[in-house]
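All remarks here apply to the structure that follows.
The values are calculated or read from the model by the stated rules, or taken from the named source; none is laboratory data. None of these values were measured; they are calculated from a predicted model. Every residue, glycine as well, gets a Cβ built from its backbone with ideal geometry; the counts of neighbours run over all protein chains shown. Side chains included, ligands, DNA and RNA excluded: accessible areas come from the protein's heavy atoms. Shrake-Rupley method; radii C 1.70, N 1.55, O 1.52, S 1.80 Å.
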Amino acid sequence: MIDNMVKFWEQSLDIYNMMYDEPVTISDLPTIKDKLTLVDIWIIQELQLYMSKMSNEYDQYQLCYLADHSSRFIDRISRWYIKLNKKNLKGENGKEMFMVSINVLTYVLYYLNLLMAPITPFMTESFYQFMKNKVNNKFELFKPESLHLHRIMELKLEIDNVDGLMDAMDLFIKSLELTRQFRAENSKPLKLPL
């Protein structure tokens, strides 16, 4: 699943390069903070929660829970963030939104790789090298030669007025999953209104 996300990220970079005839510049998240959509803010909050859980599990040597946290976060990226943000990630909503969405997805994939590196070192290193070759190597995240030379740092991004966003998105996701489950159990087609 991670390789599909990285391939989609690569396709977004290629589309950007073709549309605007310039390479994508990855910026620090605080510099684009004012341009983030609610979906971007939600995935960043999910990332912060994931980082917190993974750090706690690593600190306490509770390695049995790492896979659960990682699979939940990967699901949130692939099934929800990318699908909800697909128009921005394909450039349909303008250059600025395209750039912001690519930046957010780059950060999310970078930190996912960084946090999974101790348990899947070869796969994460492969993705890191691939991503490093695709983006501007002058960017701070991709300066070290190897992912394993990075220190796990905290992502601190203060965002205003989004206190209930995580709960709202959890409710949204749960309601869609229940609707899909109902449709599957009752053999209802997806396009038929309930």
For the range 28-74: span of alpha carbons on each principal axis (Å, largest first):
38, 18, 11
For the range 1-144, what does the accessible surface come to per residue with a 1.4 Å probe? Please give it in Å².
48
Can you give me the solvent accessible area of His150 with a 1.4 Å probe, rounded to the nearest 10 Å²?
30
State the volume of the convex hull built on the alpha-carbon positions of the chain, expressed per residue in Å³ and rounded to an integer.
145
Whole-Hz Karplus ³J(HN,Hα) for the range 171-182, in order, using 6.51 cos²θ - 1.76 cosθ + 1.60 and θ = phi - 60°, x for Gly and Pro?
5, 4, 5, 4, 5, 5, 5, 5, 5, 5, 5, 4
Longest segment of the chain lacking GluC sites (Glu not before Pro) that sit in a DSSP loop with at most 14 other Cβ atoms within 10 Å:
1-91
Computed [θ] at 222 nm, helices only, for the chain once each DSSP H run of length n ≥ 4 contributes -39500 (n - 2.57)
-19500 deg cm²/dmol
